[in-house]
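Only one structure is covered here, and it is reproduced in the block below.
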Amino acid sequence: MKKWVAVVSITGVSALALAGCGTQSVSKPDTNANQTGAASQTAKTITVLTNRTDMQANGMLQKYSEEFAKTHPGITVKWQTFVDNSTVQAQMNGGTYPDVMLILPNITPNELPQFFVPLDNLGLDNKIYFKDFQSYNGHVYGIPTFGDVNGIVYNKTAFKKAGITSVPTTLNEFYADCAKLKKAGIIPIALNYTAKWPLANWTDTLPDVIAGNPNYLNTIVNNKAPFSSSAPMGQALNIVHTIVKNGWAEPDWKNTNWANSKTMEAQGKVAMMYLGQWAIPQIVSAGTSSSNVGFFPFPATNHGKPIAIMTPDWELAVNKHSKNIPAAEAFVKWMVLESGYPNYAGGLPPVKGMKSNVPQIQQLYSQAKVVQGVPSTTALTQLENNSQIDINGGGAVQTVLNAQDFATALQQFNQQWANAASLSGQ
Amino acid sequence: MNFHVSYKAQRRLLIIGFLIIPLVLLVTFSLYPAIKLILYSFTSWNGLSTSYPWVGLHNYMEIFKNPALFGVFLHNLSYFVGGLVQNVIALGLALLLSKKVKVRNGFRSVLFIPYMLNAVAVVYIFQFMYQDNGALNTILRAVGLGGLAADWIGNNHVINWALAFVSLWEYFPFNMVIYLAAIQSIPEDMYEAALLDGASGWQTLWYVTLPNLRAIIQVNLLLTVSGALEAFNIPFIMTNSAPAAATFLTQTMNVAFVFNNYGLASAMAIVLLVIVVLVISIQRKIVGGGDDVV
């Protein structure tokens, strides 16, 4: 049986996954577009991609379809959920994918026009944040569903128990507070090593915060040794390394469970986690009151007010091959302006002037200089892929924490980085 | 209305008729993807783009040059050793169960349970068992063997053996059942002849049972070796393919789905295939056995 499992995994999984999606995209005949234009009165169905399997289960998606149909008679909205990006990627490569898409994180800006229509004419330009986050050659291809801001989500009771009266504003204070929490028998900060993605903030946000520049990561493509301990990336990794070295992370930090971490923070057994504001409602619903959960910017340095970077979460886009482009565009506009989804998701509303319903965001804003994030350049993504250093997914943090020697691990990264840079330079 | 179709033509028609569907399935789902896989392995395709930049043998060279890719075979080694132990245990239990033991069928069912459990559930069970304050360490400490308690997942020297043990525990019943079936199909008269010649129990085992099992041992070893080289689900589920437990297949997945290098990942899949074929040929040479069972 093992053999068959194995054979299937070679020829079946790898081959299908790697090869099956290799068909060239077939461009739809133009006649389709003309027909729909003429028959605009007839019923249309659009498919919308979503990562919210939970909202399918609790009926929210169905409710959105109904709400949308009230103001847009004749347009039926169907949802397609996904858990794994690669399945969507296979669809995209095959040329048949949902009318309203989410822009997968690995799509580089220069690939946007291959898959999506420009959304310059939706009239959202001045109303929304991050309007040119997903753009290429001056055209906008993505509209954010909501925004995120990262910081430390903490349990106030745990802080009180350890005798911490105010949140740390410098790195040294942060370390001192970790030590106090440990002394009080509380796990100072949960890293969630096993889940891997919660580690991403340490490499894809913290270096920008340390540098005080939301564009810092984009500049490391020209840096031969961005992982040196003096560079912001090296400093960021050093912070997480210090946490583990001093026993401030989970006692069993290599065998962790994300759902469990949320409960432990709700119960005050874990004091902090470095996540986005979206985690706050989840921790509250894991068993505590909202007033017991606080949020402060990562005190990344020992001087000055830290910056907090707002970045867009998933962005909506419209399929270039869709038969119902106007209907899809109308849906995107509705989703952003009228659905109420940003607040449902606990995110920052992408529409200027709309208030967030997560009270902790005000706490963070009062202590940080809030700046808008900058999209990753194609060059950065390519260099990450070629050097096989997983900055965006938390893999790099895993590698460093797992290494026998911290300094050697950084050196190794620098070497991988330099090798990849010299190859792409040719 | 008489159809004058010769017997020969009828036969040909029938054969074609019966073969067409399996052949179409084989070509669509096996051969075509395999050929595509080989073609991709010479490109630097990113999994999405419509362009497939040809890079020649660069991907293959990269695999052997980059220790992060090829070095993880060291982790696969523990699964291989675990697999050998697994076969010894399976064969031993099969020999025991082929004798007239009390409640033989009861033992058989109980021993077969690990294999019937949902593979993902098994991994989760062990994930809890291996926690610092999990069942395993608790029991070890309770019986005074606290010194043996380890950080099963956290310690880089232990983790792969701990994971290989999960594989052993899960798959030995399958090997056992195959051995058992083979032992029971050995003709009784051979044993009678041996008995008449005055052979001892060990002699019967060594000169009658094992030679008759050679082909089956061959099959089981093949399954073990390829399973060890392709260890995937256990590290993937238990550790989310963390660096300390990465195997060649989890690295392949990473290269494809994290770093979007489908070309390199395809090359890795081909290299793995070649290695499996090589190792199995070597193993066949060593174990011998003329029958073409596999």
- Query: Can you name the condition, by its number, that B:SER109 falls short on among (1) outside the structural domain of B:THR224 (by TED's automatic domain parsing); (2) assigned to a helix (DSSP H, G or I)?
  - Reply: (1)
- Complete set of residues in segment B:24-54 that are open to solvent by 90 Å² or more (accessible area, probe 1.4 Å) and over 30 Å from A:ASN106 (Cα atoms): B:LEU25
- Give me the pairs, please: first residue somewhere in segment A:282-304 and without any contact (Cβ under 8 Å) to a residue 40 or more places away in the chain, second residue anywhere and part of a helix (DSSP H, G or I) and β-branched (Val, Ile, Thr), beta-carbon distance under 8 Å, and either six or more positions apart or on two chains. A:ALA286/A:THR263; A:GLY287/A:THR263
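Only residues that are touching a residue at least 24 places away in the same chain (Cβ under 8 Å), small (Gly, Ala, Ser) and farther than 14 Å from B:MET238 by Cα: list them for segment B:153-182, please. Spell out the reasoning first.
Here is the first cut: in segment B:153-182, the residues touching a residue at least 24 places away in the same chain (Cβ under 8 Å) are B:153, B:156, B:159-180, B:182.
Narrowing further to those that are small (Gly, Ala, Ser): B:162, B:164, B:167, B:182.
Within segment B:153-182, B:ALA182 is the sole residue that qualifies.
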- Task: Of the conditions (1) part of a helix (DSSP H, G or I); (2) closer than 30 Å to A:ASN257 by Cβ; (3) of a type in the set (A, V, I, L, M), B:MET176 clears all except one; give me its number.
- Result: (2)
- Query: Name the residues in segment B:142-172 that are assigned to a helix (DSSP H, G or I) and either surrounded by fewer than 19 Cβ atoms within 10 Å (Cβ to Cβ) or more than 14 Å from chain A (Cβ to nearest Cβ) (or both), would you?
  - Reply: B:ALA142, B:GLY146, B:GLY147, B:LEU148, B:TRP161, B:PHE165, B:TRP169
- Message: Can you tell me which condition B:THR239 does not meet? The list is (1) open to solvent by 20 Å² or more (accessible area, probe 1.4 Å); (2) at the interface with chain A (Cβ under 9 Å from one of its Cβ atoms), and all the others hold.
- Response: (1)
- If you check A:SER291 against the conditions, is it assigned to a helix (DSSP H, G or I) and within 14 Å of chain B (Cβ to nearest Cβ)? no
- Message: Give me the residue from segment A:157-196 that is of a type in the set (A, V, I, L, M) and part of a loop (DSSP other than H, G, I, E, B) and, out of that set, nearest to the other protein chains (Cβ to nearest Cβ).
- Response: A:ALA195
- Just wondering, is there one or more residues in segment A:121-136 that are on the phi < 0 side of the Ramachandran plot, small (Gly, Ala, Ser) and not in a helix (DSSP H, G or I)? yes
- Query: Among the residues of segment A:53-71, is any in a strand (DSSP E or B) and either open to solvent by less than 60 Å² (accessible area, probe 1.4 Å) or among the hydroxyl-bearing types (Ser, Thr, Tyr) (or both)?
  - Reply: no
- Message: Here are the criteria: (1) at pLDDT below 90; (2) farther than 23 Å from A:ASN292 by Cα. Tell me which single one A:GLY394 does not satisfy.
- Response: (1)
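Return the residues of segment A:106-120 that are in a loop (DSSP other than H, G, I, E, B) and within 14 Å of chain B (Cβ to nearest Cβ); say none if nothing qualifies. Before the answer, list the steps.
At the first step, the residues of segment A:106-120 found to be in a loop (DSSP other than H, G, I, E, B) are A:106-108, A:117-119.
Answer for segment A:106-120, where residues must be in a loop (DSSP other than H, G, I, E, B) and within 14 Å of chain B (Cβ to nearest Cβ): A:ASN106, A:ILE107, A:THR108.
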- Task: Considering every residue within segment B:68-76, establish whether at least one is among the β-branched types (Val, Ile, Thr) and out of contact with any Ser or Thr (no Cβ under 7 Å at 6 or more places or on another chain).
- Result: no
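For segment A:374-406, how many residues meet the condition of being in contact with a Ser or Thr (Cβ under 7 Å, 6 or more places away or on another chain) and either more than 12 Å from chain B (Cβ to nearest Cβ) or open to solvent by 50 Å² or more (accessible area, probe 1.4 Å) (or both)?
To start, the set of residues in segment A:374-406 that are in contact with a Ser or Thr (Cβ under 7 Å, 6 or more places away or on another chain) comprises A:378, A:381-383, A:386, A:391, A:396-397.
Applying the additional criterion that residues be either more than 12 Å from chain B (Cβ to nearest Cβ) or open to solvent by 50 Å² or more (accessible area, probe 1.4 Å) (or both) yields A:382, A:386.
Number satisfying all stated conditions: 2.
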- Query: When you go through (1) away from chain A (no Cβ under 11 Å); (2) assigned to a helix (DSSP H, G or I); (3) open to solvent by less than 70 Å² (accessible area, probe 1.4 Å); (4) farther than 26 Å from B:LEU223 by Cα one by one for B:ILE63, which number turns out not to apply?
  - Reply: (4)
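The values are calculated or read from the model by the stated rules, or taken from the named source; none is laboratory data. Note that the structure is a prediction, hence the values are computed from the model and not measured. Backbone-built Cβ (ideal geometry, glycine too); neighbour counts: all protein chains shown. We work out accessible area using only protein heavy atoms, side chains counted, and drop any ligands, DNA or RNA first. Shrake-Rupley method; radii C 1.70, N 1.55, O 1.52, S 1.80 Å.
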